[in-house]
1. Suppose we keep just the alpha-carbon trace of the range B:65-168; what are its Rg and Dmax in angstrom?
2. How much accessible surface area, in Å² rounded to 10, belongs to the heavy atoms of residue A:87 with a 1.4 Å probe?
3. Under a GNM of chain A (C-alpha, springs under 10 Å), which listed residue has the highest mean-square fluctuation: A:181, A:133, A:120?
4. What is the Cα coordinate range of the protein assembly as shown on the first, second and third principal axes, sorted by size from largest, in whole angstrom?
5. I'd like the residues of the range B:151-168 whose 1.4 Å-probe accessible area shrinks by no less than 40 Å² going from the isolated chain to the full set of protein chains.
6. Just the ratio, please: alpha-carbon radius of gyration of chain B over 2.2 N^0.38 Å, N its number of residues.
7. Among DSSP bridges having both ends in chain A, what percentage is antiparallel? Round to the nearest 5.
8. Cross-link candidates for residue A:191: which lysines have Cα within less than 22 Å, leaving aside residues fewer than 8 places away along the same chain?
There are 2 protein chains.
Amino acid sequence: LSQNEYALIVAGGKGTRMNTPVPKQFLELAGRPVILHTIDAFIKYSKQIKIIVVLPENDFSLWKELTVKHHFDFPVVLQTGGETRFESVKRGLDKIDGDGLVAIHDGVRPLVSKQIIAQSFKIAAQHGSAVASVPLKESLRRLEDGQSETVDRSKFRIVQTPQTFNIELIKTAYRDINDTSLTDDASVAEKAGHTINLFEGSYENIKITTAEDLLVAASLLKQQL
Amino acid sequence: LSQNEYALIVAGGKGTRMNTPVPKQFLELAGRPVILHTIDAFIKYSKQIKIIVVLPENDFSLWKELTVKHHFDFPVVLQTGGETRFESVKRGLDKIDGDGLVAIHDGVRPLVSKQIIAQSFKIAAQHGSAVASVPLKESLRRLEDGQSETVDRSKFRIVQTPQTFNIELIKTAYRDINDTSLTDDASVAEKAGHTINLFEGSYENIKITTAEDLLVAASLLKQQL
């Protein structure tokens with residue numbers, strides 16, 4: 001019997017971060033809001049998936065408007081986001097009652113493939129966690145005391161989402177580790193003492209945070225079709 | 001009096017690397033080969049610049065053909081590449097007789113701006129080196145003993161090109177450090193005992209190694225025009 005599978009889509013906090021690009025989840029990409037593309041990817045993976053969408057409270061009416069306009073009628077549970085990503089995910093996890101697996105995914109990663117989603121659930125079912133990651137394409141340097149030094153990039157991975165976990169594991173980790181500065185779920189699980197299982201993501205699974213990213217996503221999406 | 005300024009454009013080795021994307025320097029981007037866009041960027045910066053292009057020997061006739069076809073008539077010095085990037089750069093540096101500054105730049109980074117080129121020469125004139133780099137947009141993990149751990153991404157920079165140096169400094173470094181496994185010039189200069197000066201590059205200054213990268217570059221180029 002397969003386990004309950006949830007997708008927790010994190011669609012940004014209050015967008016008040018200084019000097020950081022604002023997430024583009026509500027902008028249109030090929031005529032459809034980014035966040036709906038993101039959710040579509042999970043529905044393409046499975047019509048049985050249970051979806052939780054964490055939104056800033058101010059964006060609830062915009063969400064309503066966009067789902068009507070774009071005929072989006074898959075049932076999702078909405079939750080109000082917190083001040084930080086940590087709090088938003090924690091509040092999203094509060095909406096899950098049962099056991100099973102949850103794929104935590106950035107609302108602004110619309111190009112995730114159903115293969116990657118499938119793999120993340122499969123690996124998390126076996127090992128408790130499955131975090132998408134990719135090797136670095138370019139050289140890396142570490143900053144130290146105003147200087148910098150070469151590091152071996154093959155020893156590093158860039159972390160993406162989905163980050164998929166056993167529900168009890170990740171709920172307990174978010175409850176026990178109350179560090180709102182943590183910006184990804186793997187760090188929270190790691191701090192709670194769990195080993196993180198990385199698996200190979202995809203360079204196409206980009207995070208859309210700038211106007212250029214949106215152009216890039218449009219190109220990649222066109223190529224997929 | 002300003003110093004002699006050189007651009008050393010590294011246009012790939014023999015393209016025999018296993019499992020690595022082949023550089024796309026000769027593919028067309030908006031109707032013009034990638035490598036000509038790259039060289040154009042340096043000419044836009046200065047008509048006085050001296051340009052050295054390192055090419056695989058097999059590609060010399062293709063180069064000739066493309067420069068005729070695209071009416072490219074800026075004088076450049078051609079040099080045959082080696083087995084590795086290290087050897088290609090070293091051979092390129094052999095073509096420089098005088099002193100001054102050299103910007104070593106990937107042939108497949110056509111979107112470098114003249115502002116970044118100008119800054120790299122200015123900083124290298126003051127400090128001996130100037131290496132373009134950008135912060136990481138996503139979380140980073142370090143692999144160790146089959147496990148992985150969170151690292152603080154704000155302590156790292158992704159290295160791009162141009163990597164610009166005092167000519168004597170970098171020529172001496174390439175002569176003294178005979179490590180053909182080194183894949184960027186900053187590592188060579190560092191190994192020779194020099195401090196590396198990083199400066200802020202640009203996310204648009206992408207390296208084109210996959211078909212997707214070429215699409216992305218086309219989008220970005222369209223936006224620049």
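The values are calculated or read from the model by the stated rules, or taken from the named source; none is laboratory data. Please read these numbers as outputs of a predicted model, since none were measured by experiment. Glycine gets a Cβ as well: all are built from the backbone with ideal geometry, and neighbour counts include every protein chain shown. Only protein heavy atoms, including side chains, enter the accessible area calculation; ligands, DNA and RNA are left aside. Shrake-Rupley method; radii C 1.70, N 1.55, O 1.52, S 1.80 Å.
1. 17.9, 54
2. Only protein atoms counted, so the area is about 60 Å².
3. A:181
4. Each principal axis gives a Cα extent; for the protein assembly as shown these are 73, 43, 40 Å.
5. B:155, B:156, B:157, B:158, B:159
6. Chain B yields a ratio of 1.00.
7. For chain A, the DSSP antiparallel bridge percentage is about 45.
8. Correct list for residue A:191: A:90, A:155, A:171, B:137, B:155.
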